[in-house]
Amino acid sequence: MKTTPFTDVHIALGAKMHEFAGYNMPIEYSGIIDEHMTVVNGVGVFDVSHMGEFWVKGPKALDFIQAITSNDASILPLGKAQYTCFPNEQGGIVDDLIVYHYEPEKYMLVVNAANIEKDWNWCVSHNPMGAELENASDNIAQLAIQGPKAQEVLQKLTPVDLASIPYYAFTTGEFAGCKNVIISNTGYTGAGGFELYFYPSDAMTIWNAIFEAGKPEGIKPIGLGARDTLRLEMGFCLYGNDLDDTTSPIEAGLGWITKFVDGKNFTNRAELERQKKEGVSRKLCAFEMVDKGIPRHGYPIVDAEGKQIGVVTSGTMSPVLKKGIGMGYVQTPLWKVGTEIYIQVRNRNLKAQVVKAPFRK
């Protein structure tokens, strides 16, 4: 298994380790519920160094991004980031990602760890305009410091005014004495905070400084288990569960990152434009359990007569709501808010209701 610059620290701290995307990663330390609530109420640190980073450079950089992604990167100012996806030719999604406009004619694409090789091959094979591409995944480490106390902790370690960085914006500056750290007001928890990108050689300096600075705020390391429950409470999609090569961005409720602007001829635009105009036969919906039970990935979703109308893509017991929550693709029009559906749990049809995400307001 691959390691991150922090793998030995996770093991020394007693984390429950498991393979994820080819990496030896911490799943939990003190327990998923404790870690989840630490992030919701305070501050926690996630090792996300397994994520992939590609540089796109040169005069053709924007042309490449416009052709390969669904969102409109032409409106992305310097210092801003944008959520988007790589559509494929069949109407599905190669991956979802974040585009950072780093410098004029220079962008950073942050992709999912499990898809680094797949995404890299996709980018290389869809670059007829000749943009300069660099896979920097092994040369960049990343920590996500999340929670309402994250800014207070991090501000002790940088001269950069963190309050001046809006949501989905970033700057490059000094952090914990380390140069050229990307400080980004992003994260996949819905609890606020920042993501830091830095050289692996600076990893332990930054880790130790953050945990020393965060002692008064009760900072804790957080595993991938709580990362999953946190993103699900916000209704954020996870590639491999809620998105894949067969789910279209329109079906997934990602029409807001699928921009049909003049001059942007991205992969499979015509089919996605047709879906947006004519509608789709299924949609991703969020639901809360009415009956007691925990929905899990792969469980059938049925109607009142017991006929299957969909499948659960993500599900858990919400640590904040203390009830079962989930997402799944459901046949039109049963995905509408307020509709009663049933989740098949061990041959029992348990009542649930379609709701509007996020679950954690």
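Observations on the structure shown:
- Selection over region 77-105 of residues that are closer than 15 Å to GLY52 by Cβ and over 13 Å from the mean Cα position of the chain (by Cα) gives a count of 3.
- Qualifying position, being surrounded by fewer than 19 Cβ atoms within 10 Å (Cβ to Cβ), among the β-branched types (Val, Ile, Thr) and at pLDDT 95 or above, among ILE294, ILE301, ILE325, ILE343: ILE294
- Check on LYS277, of a type in the set (Lys, Arg) and loosely packed, with under 15 Cβ neighbours inside 10 Å: yes
- Screening MET129 with (1) farther than 24 Å from GLY263 by Cβ; (2) out of contact with any strand residue (DSSP E or B) (no Cβ under 8 Å at 6 or more places or on another chain); (3) of a type in the set (A, V, I, L, M) gives one miss only, at (1).
- Residue pairs meeting the criteria (Cβ under 8 Å; at least 6 apart or on separate chains; first modelled with pLDDT under 95, in region 78-103; second part of a loop (DSSP other than H, G, I, E, B) and of a type in the set (S, T, N, Q)): GLN90/THR246; GLN90/ASN268; GLY91/SER248; GLY91/ASN268
- Only one of the listed residues (THR84, THR158, THR186) is buried (at least 18 other Cβ atoms within 10 Å of the Cβ), within 27 Å of THR247 (Cα to Cα) and in the same structural domain as THR205 (by TED's automatic domain parsing). That residue is THR186.
- Filtering region 54-77 to residues that are closer than 27 Å to ILE250 by Cα, touching a strand residue (DSSP E or B) at 6+ places or on another chain (Cβ under 9 Å) and in contact (Cβ under 8 Å) with a residue 40 or more places away in the chain leaves PHE54, VAL56, ALA61, LEU62, PHE64, ILE65, ILE68, THR69, SER70, ASN71, ASP72.
- Selection of region 118-131 for residues being closer than 17 Å to GLY52 by Cα and either touching an Asp or Glu at 6+ places or on another chain (Cβ under 7 Å) or touching a residue at least 12 places away in the same chain (Cβ under 8 Å) (or both) yields LYS118, ASP119, TRP120, TRP122, CYS123.
- Leading residue by the ranking (surrounded by the fewest Cβ atoms within 10 Å (Cβ to Cβ)) among those in region 246-274 that are part of a loop (DSSP other than H, G, I, E, B) and among the aromatic types (Phe, Trp, Tyr): PHE260
- Annotation: of all residues in region 106-158 being within 13 Å of VAL43 (Cβ to Cβ) and among the small types (Gly, Ala, Ser), the one that is nearest to the chain's Cα centre (by Cα) is ALA144.
- Where LYS336 falls short, out of the listed (1) under 21 Å from the mean Cα position of the chain (by Cα); (2) surrounded by fewer than 17 Cβ atoms within 10 Å (Cβ to Cβ); (3) not acidic (Asp, Glu): (1)
The values are calculated or read from the model by the stated rules, or taken from the named source; none is laboratory data. Here the structure is a predicted model, which is why all the values come from computation and not from measurement. Backbone-built Cβ (ideal geometry, glycine too); neighbour counts: all protein chains shown.
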